[in-house]
1. Which of the residues belonging to the range 109-156 are farther than 19 Å from residue 62 by Cβ, part of a loop (DSSP other than H, G, I, E, B) and modelled with pLDDT of 75 or more?
2. Check the range 70-80 and report whether any residue there is modelled with pLDDT of 90 or more and within 30 Å of residue 182 (Cα to Cα).
3. Looking at the range 160-192 only, could you name the residues that are assigned to a loop (DSSP other than H, G, I, E, B) and under 17 Å from residue 43 (Cα atoms)?
4. Looking at the structure I just gave you, is residue 40 part of a helix (DSSP H, G or I), closer than 30 Å to residue 157 by Cβ, at pLDDT 85 or above and in contact with a strand residue (DSSP E or B) (Cβ under 8 Å, 6 or more places away or on another chain)?
5. Consider the range 41-74. How many of its residues are surrounded by 14 or more Cβ atoms within 10 Å (Cβ to Cβ) and closer than 19 Å to residue 192 by Cβ?
6. If I filter the range 86-98 for residues that are at pLDDT below 70, crowded, with 18+ Cβ neighbours inside 10 Å and in a helix (DSSP H, G or I), do I get at least one hit?
């Protein structure tokens with residue numbers, strides 16, 4: 001009888017250990033899932049904080065500059081090409097227009113997709129803010145927050161978007177891509 005009690009006690013002890021291990025594993029899994037789901041919001045907030053504190057050199061933590069350049073360059077080239085064709089007509093050769101747009105777009109995109117360019121995009125022009133009266137009580141220009149009131153959503157497990165209207169009311173979509181457990185701004189869909 002004593003042997004049976006010992007075995008019953010051992011199986012209950014193992015069962016309690018297994019329950020605790022299982023509970024801890026489920027808790028860690030839920031915490032990991034919650035962190036991954038909150039990731040894009042943490043990235044947006046991180047960008048806001050860095051820009052507000054003029055710490056542009058740390059934007060690399062939340063912005064994938066190389067992917068953002070790759071994403072923006074064809075959009076800018078296409079808009080430049082449309083503008084050129086609109087002014088000179090479609091009689092010009094496509095190759096010449098393509099070469100010209102590539103020549104013009106590359107430095108423009110490189111300037112826009114830099115820590116200072118992203119900061120300017122996110123804060124807006126200080127002169128414009130002062131002229132429009134968008135200033136704090138102490139007279140300093142209030143930083144604009146282009147993602148304030150954004151329509152946010154997960155488009156997939158690795159793509160999160162924040163859509164805001166530009167000055168003309170057209171949608172601009174900021175794309176955040178997941179890289180492991182972290183999220184970075186890696187795409188921007190310009191309005192048509």
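1. Result: 149, single match.
2. Yes, that holds for at least one residue.
3. Answer for the range 160-192, where residues must be assigned to a loop (DSSP other than H, G, I, E, B) and under 17 Å from residue 43 (Cα atoms): 180, 181.
4. yes
5. Adding up the residues that qualify gives 3.
6. Checked the range 86-98: at least one residue is at pLDDT below 70, crowded, with 18+ Cβ neighbours inside 10 Å and in a helix (DSSP H, G or I).
The values are calculated or read from the model by the stated rules, or taken from the named source; none is laboratory data. Quick caveat, the model's predicted, so the values are computed rather than measured. Cβ atoms come from the backbone with ideal geometry, glycine included; neighbour counts cover every protein chain shown.
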